[in-house]
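The values are calculated or read from the model by the stated rules, or taken from the named source; none is laboratory data. Since the structure is predicted, the reported quantities are computational estimates derived from the model, not experimental observations. Note that we place each Cβ from the backbone using ideal geometry, even for glycine, and neighbour counts take in every protein chain shown.
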Amino acid sequence: MEFITRNLPYLMAGISVGGQYALIAIGYTMVYGILRLINFAHGDIFMAAGLILVYSATVMPMYLAIPLMIILTVLIGFMVERVAYKPLRSAPRMSIMISAIGVSYLLQNLALYVTGGLSQQYPAIPWISDTVTIFGSTTKRVTVITPVLTLVLVVLLVLLIKYTKIGMAMRAASRDFETSQLMGIKINSVVSMTFIIGTFLAAIGSALFFTNYTGVTPTVGAMPGLKAFVAAVFGGIGSIPGAVIGAFIIGICENIIKGVGLTTFSDAFTFALLIIILIIKPTGLFGEKEADKV
Amino acid sequence: MSKKTKMAWNVSLIVALLALLFLLEQIMPSGSMLFTVLKKGAIYALVAVSMNLLNGFTGLFSLGQAGFMLLGAYTYAILTIPPESRASVYQYYDGGIVNFAIPVPLALIAGGLIAAGFAFLIGLPVLRLKSDYLAIATLGFAEIIRAVFQWDKLGPLTNGSNLLRSFPTFQSVLYPFIVSGICIALIVMLINSTYGRAFKAIRDDEIAAEAMGINLAHHKRLAFVISSFFAGVSGGLLAMYQTTIQASMFKSAMTYEILLIVVIGGIGSVTGSCISAFLFIACSEWWLRFLDNENFYIGSFHVPLLRAGFRKVVFAVVIMAMVLFYRQGIMGTKEFSVEALQNFFRKLFVRKGVKKAGDSHE
Amino acid sequence: MSNEKRERNAVLKLENLTMQFGGVIAVDNVSLEVGKGEILSLIGPNGAGKTTAFNMVTGVYAPTNGAIYYKGEKIVQNTPQGKMKKLYQGENAGLYAGKRVIAPTPDKITKLGIARTFQNIRLFKSQTVFENILIAKHMLRTSNLFTATFHLNAREEAQMRQESEELLRIMELEDVRDELATSLPYGKQRHLEIARALATKPELLLLDEPAAGMNPQETLELTQFIGRIRGEFGLTIFMIEHHMDLVMEISDRIHVLDFGKSIAEGKPDEVRNNPRVIEAYLGGAQDE
């Protein structure tokens, strides 16, 4: 029992962080599935979502600020795709990746300009930042909410992809981009939709993530972004359930490592894990194999 | 132009450049921004060229540059801090475990070798990965290195997350120019050799390159190790320039900046990388500084929007525009040379001549 | 050439070669020999496994089962392993069990003296015609990184360049020496691919559909060209081709694959009149 009470906080924190990573990871994995692009800017969009709420919460009540934050974030995601990725659709893969890095650089610098480089206190979102007690350990309610909300959203997303027309188009596009175009799928709207869904989830993820965090800085998105990406790779990039499972595993492992006092290595662990997976099974847990044709 | 005249031109250009730098140092105040730009620019030119060797010439999209620079910088610093200063530098770790100092040039080379050694080890597995996976794995490696170097258990060696300082630095702008110049010259010689051709073949078509008897694993690792060696040396130079170093400096943002320098200069152009390194540093450290100045007036007009950080925004927008609309960068895959310059002017002249002839005909 | 004599002089020998992808057998227990100086054509309908067979010879794939010999020396050998042990549906499952697995990478095969061209042309896009050939000389170098970087291999470098120029002349590519490889017309690109393969100084040349996409005139020229380089470079040629005019004209022998299996082998006339071959190509139309 003592073992549980001692380790439960870390486990719960891990599950919670895992849920937040999952929401970001879905954005990576969906975009990669369709465009074969690592959207380096995704973590920064997540950070932007945090900043938007910081500023909007100062001028309006929370029940308006949150929807506004989600809408603006989705708009940023949509714009980024239209401006920075769409013109490069037929360019070499390296160019698109460089463009993604450019967007990331731009968003970080914009945030630096807007905030003046100071950490912005994240507003307390009522109800979810309240403190609750579970099994004798106190935590914020968000810790409990996150995994539940994550799973609900993921189920909705999977249903959307499975049963709607746009979902079918997404599946087709991720299987074969060119052919699906020839089959009359409006590829641009599919890609836009992918970015919209991805950034929508990242926006919700940011609200959950920053509630447990001290503040928002311009580079705060980079780390969770990269970790979510690792989660996506771990689960097999392109696979949504894979990304979610990967995210939970990484979230939990990371917090356990913090728990045993090796905080310095919690980030390094994620990347070591990434390198190990890429070497042993580059396609991840649920990924499909691709082969070069000679 | 014959090989000999080409050589003569290049040598005289280099001598002229060094003489000019020497002269500038005599007549201008040492605090001038120009020297900051020249010093830092030379260092960034080296690391940009080393990245270009990998990304531009071999087609390996690696983002580990900051990690290798860190290795070089730390190796340099750890090996050169004079024993008498160690007690104060390593004040939390009993003066550290290294109690000797080696000459600066040796330490720079050692920095390169350590970076190359790490590259050799991780290259074995990582280089089998395809484009974007390689990028993310090398980025991850750089992050791991950064975390490990901040670990307090390694403190006696790395001073944990504290500053390393008191190591020898350089005063003259000639120093980074000469060191970077030698390194870049070596890279250029490599690119022009049969190995350089093999690297380009791998970039163009791996499968065909392999079918032409080029051992992919061997050559990729060669490019990776060499590139990392020079990144390590540039890390050492950066330590000398900064006078203090800390692991937290070497973030992935640093790699991104180097990548952007390479892109602006032209992926696959050495001279492009050099030119763009100086331009990049000049803009970020000097020419665009006024954008950060809140009280900037043109005549009596108070320019709006200007305050700390605006420079970087403008900068990022310009870079995005370049990436989107001017993808081949300043030089594309071409190289700057006296000959190319001659041809350029000749063409300009000839075209005008042709036009005139055409006009008179009408 | 009698069978016995070829056996002794075989440059390339495939033995019980099988390639299975998942549950599909692409090449099924194929054995064949290419004699010294011979032109052997591998033909068969689309999807018969011809290119897969090539890819096994050149080290792109390791065969699932079987062995390959080059000039009497075993260069490739494999037996079903791991998951494939259970999945394997081909013949001779246990024949190579317990023997040494030999699976060299393509570059090692090329270094042995086996060069190839590709079905979908794979030239070095950003390089000139001359550079494309020069790159192929890299594998013949005796210089190392150090001597190459410091130009201590000047004599070798000069020789590489001279041999490349020579090859350009023989292949009639001199006039396009400094053009970008990909800017050449299609037929010339095929020539260049062959030239590049020859630059590695092979004894055995594998041509994967050299006449693909060519018109009858170009095909005719190519036919003569292949005949000519065989003599000039003392080559043995193993070729995949669909243009029957070309195949019947220059092949010494023809080997026919259908659904991965060997169905016929022999002189052009024998193969032309073989009922099984006709059936494979016409889909059994004769019976109906």
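Is it the case that A:V148 is aliphatic (A, V, I, L, M), under 17 Å from the mean Cα position of the chain (by Cα) and within 14 Å of another protein chain (Cβ to nearest Cβ)? Spelling it out, it is not the case that A:V148 is aliphatic (A, V, I, L, M), under 17 Å from the mean Cα position of the chain (by Cα) and within 14 Å of another protein chain (Cβ to nearest Cβ). Here C:Y186 clears all of (1) in contact (Cβ under 8 Å) with a residue 12 or more places away in the chain; (2) out of contact with any strand residue (DSSP E or B) (no Cβ under 9 Å at 6 or more places or on another chain); (3) under 11 Å from C:A199 (Cα atoms) except the condition numbered (3). Residues in the range C:181-188 include at least one that is small (G, A, S), surrounded by 15 or more Cβ atoms within 10 Å (Cβ to Cβ) and either more than 14 Å from the chain's Cα centre (by Cα) or under 25 Å from C:L257 (Cα atoms) (or both).
Can you tell me which residues in the range B:309-321 are under 14 Å from B:L260 (Cβ atoms) and either buried (at least 19 other Cβ atoms within 10 Å of the Cβ) or at the interface with chain A (Cβ under 7 Å from one of its Cβ atoms) (or both)? Within the range B:309-321, B:K312, B:F315, B:A316, B:V317, B:I319, B:M320 meet the criteria. The residue that is nearest to C:R196 (Cα to Cα), among those in the range B:188-225 that are among the hydrophobic types (A, V, I, L, M, F, W, C) and more than 9 Å from chain C (Cβ to nearest Cβ), is B:I202.
Would you mind stating whether B:V338 is more than 14 Å from chain A (Cβ to nearest Cβ), over 21 Å from B:G41 (Cα atoms) and not aromatic (F, W, Y)? It is true that B:V338 is more than 14 Å from chain A (Cβ to nearest Cβ), over 21 Å from B:G41 (Cα atoms) and not aromatic (F, W, Y). Residues considered: B:Y90, B:Y76, B:Y133. Of these, the only one that is modelled with pLDDT of 90 or more and among the hydroxyl-bearing types (S, T, Y) is B:Y76. If a residue has to be under 20 Å from A:M79 (Cα atoms) and not charged (D, E, K, R) to count, how many in the range A:162-204 make the cut? Of the residues in that region, 20 qualify. Taking the conditions exactly as written (farther than 28 Å from B:A185 by Cβ and either of a type in the set (G, A, S) or in contact (Cβ under 8 Å) with a residue 24 or more places away in the chain (or both)), does C:I170 satisfy them or not? In short, yes. Could you please let me know if B:N192 is modelled with pLDDT under 95 and more than 23 Å from the chain's Cα centre (by Cα)? When the stated conditions are applied, B:N192 does not pass them. One residue alone among A:G198, A:G235, A:G251, A:G184 is away from chain B (no Cβ under 14 Å), in contact with a His (Cβ under 8 Å, 6 or more places away or on another chain) and not basic (K, R), and that residue is A:G198. Take the residues of the range B:232-255 that are buried (at least 23 other Cβ atoms within 10 Å of the Cβ), closer than 20 Å to A:G43 by Cα and of a type outside the set (A, V, I, L, M, F, W, C): which is farthest from the other protein chains (Cβ to nearest Cβ)? Selected residue: B:T255.
How about the range A:110-134: which of its residues are within 7 Å of chain B (Cβ to nearest Cβ) and modelled with pLDDT under 90? So that I can check it myself, show each step before the final result.
Residues of the range A:110-134 that are within 7 Å of chain B (Cβ to nearest Cβ), as a first pass: A:110, A:112-113, A:116-117.
A:L112, A:Y113, A:G116, A:G117, listed by residue number.
Matching residues to (1) at pLDDT 85 or above; (2) in contact with a strand residue (DSSP E or B) (Cβ under 8 Å, 6 or more places away or on another chain); (3) β-branched (V, I, T):
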residue: A:I204; (1), (2), (3): yes, no, yes
residue: A:G246; (1), (2), (3): yes, no, no
residue: A:I252; (1), (2), (3): yes, no, yes
residue: A:I257; (1), (2), (3): yes, no, yes
residue: A:T264; (1), (2), (3): no, no, yes
residue: A:D267; (1), (2), (3): no, no, no
residue: A:K289; (1), (2), (3): no, no, no
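Restricting attention to the range C:102-134, which residues are in contact with an Asp or Glu (Cβ under 7 Å, 6 or more places away or on another chain) and in a helix (DSSP H, G or I)? Of everything in the range C:102-134, those that are in contact with an Asp or Glu (Cβ under 7 Å, 6 or more places away or on another chain) and in a helix (DSSP H, G or I) turn out to be C:P106, C:D107, C:V129, C:F130.
Applying the condition of being within 10 Å of chain B (Cβ to nearest Cβ) and not in a helix (DSSP H, G or I) to the range A:72-109 and asking which residue is surrounded by the most Cβ atoms within 10 Å (Cβ to Cβ) yields A:A91.
Residue check: A:L118 meets all listed conditions (1) within 23 Å of the chain's Cα centre (by Cα); (2) assigned to a loop (DSSP other than H, G, I, E, B); (3) not acidic (D, E) but one, namely (1). In this structure, C:A93 does satisfy being under 22 Å from C:N16 (Cα atoms) and either assigned to a loop (DSSP other than H, G, I, E, B) or under 15 Å from the mean Cα position of the chain (by Cα) (or both). The single residue among C:E193, C:E232 that is of a type in the set (D, E, K, R), in contact (Cβ under 8 Å) with a residue 60 or more places away in the chain and loosely packed, with under 13 Cβ neighbours inside 10 Å turns out to be C:E232. Selection of helices (runs of 4 or more DSSP H) fully inside the range C:135-240 by the criterion of at least 2 residues being out of contact with any Leu (no Cβ under 6 Å at 6 or more places or on another chain) and within 14 Å of chain B (Cβ to nearest Cβ) returns C:145-149, C:154-170, C:186-198. Take B:A282 and tell me if it is within 14 Å of chain C (Cβ to nearest Cβ) and small (G, A, S). No; evaluated as a whole, the condition is false for this residue.
Kindly evaluate B:I114 against the criterion of being over 30 Å from A:A232 (Cα atoms), surrounded by fewer than 21 Cβ atoms within 10 Å (Cβ to Cβ), more than 13 Å from chain A (Cβ to nearest Cβ) and of a type in the set (V, I, T). Here the answer is no, as B:I114 does not meet what is asked.
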